[in-house]
Amino acid sequence: MPLKVGDLAPEFELPAVAGEKKITIRSRDYLGKQHLVVTFHPLDWTPT
């Protein structure tokens, strides 16, 4: 079922790069501390 505006996002983990370091972003690390916005950019950083 798709999320609707105002729904809580399910818990997730995503690989990320911070500078030259590979890290994992976890939604639970932000829960109750600050807002978190997640966007998806298909084909970003890929040759076309």
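The values are calculated or read from the model by the stated rules, or taken from the named source; none is laboratory data. Just so it is clear, the model here is predicted, and its values are computed rather than measured. Note: ideal-geometry Cβ built from the backbone for every residue, glycine included; neighbour counts use all protein chains shown.
A few remarks follow.
- Subset of the stretch 24-48 that is out of contact with any Leu (no Cβ under 9 Å at 6 or more places or on another chain) and among the basic types (Lys, Arg) - its residue that is modelled with the lowest pLDDT: Lys33
- Extreme residue, farthest from the chain's Cα centre (by Cα), among residues of the stretch 3-43 that are in a loop (DSSP other than H, G, I, E, B) and surrounded by 10 or more Cβ atoms within 10 Å (Cβ to Cβ): Leu31
- For the stretch 1-23, the candidate set comprises residues that are in contact with a strand residue (DSSP E or B) (Cβ under 6 Å, 6 or more places away or on another chain) and under 17 Å from Val37 (Cβ atoms); within that set, the residue that is modelled with the highest pLDDT is Glu13.
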